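Just below is one structure, and these are the notes that go with it.
Every read-out reported here was derived from the displayed coordinates using simple, explicitly stated rules and does not represent laboratory data. Just so it is clear, the structure is predicted and the values come from calculations on it, not from any experiment. With ideal geometry, Cβ positions are generated from the backbone for all residues, glycine too; neighbour counts draw on all protein chains shown.
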Ligand code: IDP
Ligand code: MG
């Protein structure tokens with residue numbers, strides 16, 4: 001089994017709209033495992049580092065304002081092919097283009113308020129997890145249902 005870890009952020013709109021529980025439930029219901037979690041309020045510097053690849057794009061400044069506008073919830077989620085799996089659960093960047101049943105379709109309307117972030121590749125995940133968590137904050141444990149989730 002290809003076990004992977006990925007970074008998920010519930011963005012300020014997800015927190016403000018009271019969707020933390022519903023979003024986490026999507027991952028837990030799927031069989032994915034939360035191995036780290038915290039609430040934090042990003043500084044401009046943190047945000048610019050996390051979104052460095054988008055520096056210079058027209059939406060960059062508004063993206064930084066948005067992601068630093070209120071607290072977020074950061075988590076590390078683990079499971080079989082977790083990176084690609086979670087991108088599917090999350091849906092397309094633009095909620096208008098996301099498929100029904102995805103988090104972004106079901107809970108959001110606008111690309112600039114798309115409520116959640118998930119790493120886009122295993123390499124990105126490794127980089128992003130390090131930005132948010134020390135190794136000591138990530139837990140290695142077995143969920144009691146693992147033998148019923150995986151063959
Ligand atoms: P992703 O979050 O699906 O990986 P990216 O292309 O990496 O999408 O963009 C990062 C974030 O920047 C998006 O989630 C969204 O919040 C914001 N964003 C991307 N494109 C636009 C845009 O065209 N207008 C406004 N915000 C955008
Ligand atoms: Mg991205």
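The sole residue among 64, 34 that is assigned to a helix (DSSP H, G or I), surrounded by 15 or more Cβ atoms within 10 Å (Cβ to Cβ) and either without any contact (Cβ under 8 Å) to a residue 60 or more places away in the chain or touching a strand residue (DSSP E or B) at 6+ places or on another chain (Cβ under 6 Å) (or both) is 64. Could you tell me whether residue 83 is in contact with a strand residue (DSSP E or B) (Cβ under 8 Å, 6 or more places away or on another chain) and in a strand (DSSP E or B)? When the stated conditions are applied, residue 83 does not pass them.
Taking residue 70, is it surrounded by 13 or more Cβ atoms within 10 Å (Cβ to Cβ), away from ligand 1 (no atom under 12 Å from the Cβ), without any contact (Cβ under 8 Å) to a residue 60 or more places away in the chain and more than 25 Å from residue 29 (Cβ to Cβ)? Judged against the criteria, residue 70 is a match.
Scanning the range 130-151 for residues that are surrounded by fewer than 10 Cβ atoms within 10 Å (Cβ to Cβ) and in contact (Cβ under 8 Å) with a residue 40 or more places away in the chain gives 140, 141. How many of the residues in the range 106-149 are in contact with a helix residue (DSSP H, G or I) (Cβ under 6 Å, 6 or more places away or on another chain) and farther than 14 Å from residue 74 by Cα? Here the count works out to 3.
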